[in-house]
1. Residues A:A159, A:A118, A:A106: which one is within 11 Å of another protein chain (Cβ to nearest Cβ) and either assigned to a helix (DSSP H, G or I) or on the phi > 0 side of the Ramachandran plot (or both)?
2. Would you check if B:E40 is within 16 Å of DNA strand D (Cβ to nearest atom), without any contact (Cβ under 8 Å) to a residue 60 or more places away in the chain, part of a helix (DSSP H, G or I) and more than 27 Å from B:Q136 (Cβ to Cβ)?
3. Within region B:7-30, work out how many residues are over 23 Å from B:L117 (Cβ atoms), without any contact (Cβ under 8 Å) to a residue 24 or more places away in the chain and either part of a loop (DSSP other than H, G, I, E, B) or not charged (D, E, K, R) (or both).
4. Could you tell me how many of the residues in region A:162-202 are at the interface with chain B (Cβ under 7 Å from one of its Cβ atoms), outside any helix (DSSP H, G or I) and surrounded by fewer than 14 Cβ atoms within 10 Å (Cβ to Cβ)?
5. Can you tell me which residue within region A:43-68, out of those that are touching a helix residue (DSSP H, G or I) at 6+ places or on another chain (Cβ under 7 Å) and within 14 Å of another protein chain (Cβ to nearest Cβ), is farthest from DNA strand D (Cβ to nearest atom)?
6. Looking only at region B:50-82, how many residues end up being in a helix (DSSP H, G or I) and free of Cβ contacts under 8 Å to residues at least 24 places away in the same chain?
7. Answer yes or no as to whether B:R77 is surrounded by fewer than 20 Cβ atoms within 10 Å (Cβ to Cβ) and not aliphatic (A, V, I, L, M).
8. For the list (1) buried (at least 19 other Cβ atoms within 10 Å of the Cβ); (2) of a type in the set (K, R); (3) within 14 Å of chain B (Cβ to nearest Cβ), I need the number of the one condition that A:R36 fails.
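The values are calculated or read from the model by the stated rules, or taken from the named source; none is laboratory data. The shown structure was predicted, so the numbers you read here are calculated from the model rather than taken from an experiment. Here the Cβ positions follow ideal geometry from the backbone for every residue, glycine too, while neighbour counts run over all protein chains shown.
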Protein chains: 2
Amino acid sequence: MTSSTVPIHPRKTPRQSRSRATCEAILQAAARILERGGGESLTTNLVAELAGVSIGSLYQYYPTKEAILAELIRQMRHEMHDDMVTAERQSAGQGLEQEVDALISATLRHHLRNPNLAKALEHIEDQLPMDAEIAQLKQNMAKLVVGALARYGINDPEATAFDLVAIGHGMSHAAIAAGQKDFDDLHRRIRRAVLGYLRQAPDS
Amino acid sequence: MTSSTVPIHPRKTPRQSRSRATCEAILQAAARILERGGGESLTTNLVAELAGVSIGSLYQYYPTKEAILAELIRQMRHEMHDDMVTAERQSAGQGLEQEVDALISATLRHHLRNPNLAKALEHIEDQLPMDAEIAQLKQNMAKLVVGALARYGINDPEATAFDLVAIGHGMSHAAIAAGQKDFDDLHRRIRRAVLGYLRQAPDS
DNA sequence: GCCTAATGCAAGCCTTTGCTCACATTATGA
DNA sequence: TCATAATGTGAGCAAAGGCTTGCATTAGGC
């Protein structure tokens, strides 16, 4: 086991607006590289160059390459989390189908925003040690789904939520990998899968 | 786009039993490395060392690192393909639920055999240009599912098969990532998802 | 204006790693 | 037995890439 722990937190927080811009440029450059070429093509030198920042500056704020990736993942998960909270607020009490619909829309939104980036980040995420902050966000999102299911009397809401999320992930992933662009259609198919799972008796 | 094509086919076929053993040792070593450390930790030098073979011998048979990985993927897909063909033969005409069951078992079998290796190879597979041979196997497997669905009068069997396979993939992936070991339970849950999808009307 | 802290710079160190090449050894067939 | 083809070897090349370090520049308070 060569599990040499790699630091994945920003080295220091920028105090002046100059450095805030630097950090922002670094993250945006990294995102653009991931978006176009996937995780393989991301190198710290390339990130710095594309950001219009020297490699030294990059390492002033991010101790490792992974720290940059972790920051992008944190941002993505925050957006997703907030989208889900909003969706849940707006659809609360409108019936199971409505809530399911709202949650599917929320989870699909970040794929819509930037499919390639989302795909690359998810790919990287399950290859990287999980951050406490990210773990917390994920747990919150899971609780949101569990809560919704519980309120409608679904049996074993934890396990059910786990499977429903897995179904949504799997279908999104496959659709994107196959180059499908029609997200409304994908939405309908995921709803069909989710509602079908819920209405199907646990044992055949 | 820097899609510099990398040769992924064996450089030459071994003629003597000596060299067949060498090739075999290389593949097994590569598999063991993937199984324990994922794609990141696989280097050609390490593969050669673990195989008890010199690095020169390795490159005599595999022109690139990717060629080794491609060969492993080919093997995995062949096993899966044969498992599905067998499952289909044995369950033919016994009813939709039986056939679904048999196909789920077949697709789960290779995860059962070596979950970590299967996960690593799938991970690598959708990051690598697809081999014609592998594409053919995948198409055959897809046709198998489509055929079964069609025989039971399922509407739009192609699209349905696509989604069902995605559902199975997603659930397996999530279960394995979460460290779930009970494959019988996983089987039941996938069956629930599949049958639920099939019985749910395409529009809510 | 000046001083300190913050920020920015980029040459290049150093490790990793894919891969070659010149040579050594072993099998095979006549 | 011997010639030839097949196979095996490993030092080390070359490129890639993560990261350090020593120095230059700029911002902001006094």
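1. Going through A:A159, A:A118, A:A106 in turn, the sole match is A:A159.
2. Spelling it out, B:E40 is indeed within 16 Å of DNA strand D (Cβ to nearest atom), without any contact (Cβ under 8 Å) to a residue 60 or more places away in the chain, part of a helix (DSSP H, G or I) and more than 27 Å from B:Q136 (Cβ to Cβ).
3. 4
4. Total satisfying the criteria: 1.
5. That would be A:L46.
6. Final tally of qualifying residues: 5.
7. Criteria not met by B:R77.
8. (1)
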